[in-house]
Amino acid sequence: MEDAQIGAQEHPDSVPEEGEDAMTSVGPPSCPPAMTEEEHQELQEKLIKVEDEILTLSQVLAAKEKQLAEIKRKLGITPLNELKQNFTKTWQEVTTSTARTSETLSQAGLKATAAFSNMGSAITRKFEDVRNAPTFKTFEGRVETLKTKMTPSASTSDPDDQYSSPPPTDEPLHPQPLDSPNDSPMH
């Protein structure tokens with residue numbers, strides 16, 4: 001313990017240990033060279049006074065916020081109602097503002113178009129990256145394999161399978177009569 005005190009005396013700039021008070025470990029603050037003891041004491045008093053004022057103002061602000069919340073509750077004003085009112089007010093300001101010219105809106109439209117175009121290009125690039133990824137290629141191969149297995153073909157179709165389609169033929173769907181109208185009947 002004595003070694004720690006001697007070390008603290010030898011190194012007054014050392015950082016106090018956990019639980020150790022900075023004022024007691026370093027000692028009273030010395031006055032900066034350009035400041036007298038009286039000026040230092042005066043500033044210390046001002047510091048304490050300002051800290052007290054800040055604490056008082058914080059307490060007053062908390063009390064006022066509580067009072068505000070109580071008044072709003074009694075009036076039936078909810079955060080959602082406030083949001084709606086703010087939105088309505090902002091919308092009215094935007095629509096009635098004379099500062100909005102057609103040129104400004106046109107420029108905004110062009111910027112929005114460019115932004116959507118850039119976003120679309122980025123999405124397209126991302127889809128291409130995903131499509132070219134090995135994982136997607138593996139997935140695509142498996143889907144193709146399933147598709148091949150599930151699609152009936154002429155060589156693999158089961159004649160007893162009621163769900164398979166009949167094999168393709170070159171015969172027309174509606175049979176035509178064998179006699180042509182130009183042929184004369186035989187008597």
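Every number in this text was worked out from the coordinates using simple rules, so none of it is lab data. Not measured: the values here are computed from a predicted model. Here Cβ is always computed from backbone atoms with ideal geometry, including for glycine, and neighbour counts include all displayed protein chains.
Each of ASN118 and THR148 was given a label point 7 Å from its Cα along the Cα-to-Cβ line. The distance between the two points is 4.5 nm.
Within the same chain, lysines fewer than 8 places from LYS137 are excluded, and of the rest, those with a Cα less than 27 Å from its Cα are LYS126, LYS147, LYS149.
Per 0.36 nm of contour for each residue apart, how much would the distance between THR104 and ALA133 grow if the chain were fully extended, relative to their Cα-Cα spacing? Write out the running numbers ahead of the final one.
Details: separation 29, 0.36 × 29 = 10.44 nm, distance 4.29 nm.
Contour length minus the Cα-Cα distance gives 6.1 nm.
Evaluated at q = 0.14, 0.28, 0.29 Å⁻¹, a Debye calculation over the C-alpha positions of the range 33-100 (equal weights, vacuum) places log10 I(q)/I(0) at -0.70, -1.09, -1.12. Panel note: the C-alpha atoms of the range 64-128, placed on their principal axes, show extents of 55, 37, 18 Å (largest first).
Multiply the residue gap between THR36 and SER58 by 0.36 nm, knock off their C-alpha separation, and tell me the result in nm, one decimal place.
Details: separation 22, 0.36 × 22 = 7.92 nm, distance 3.30 nm.
4.6 nm is the gain from fully extending THR36 to SER58.
Legend: calculated FRET efficiency, LEU68 to THR90, from the Cβ-Cβ distance at R0 = 25 Å, rounded to 0.05, equals 0.70.
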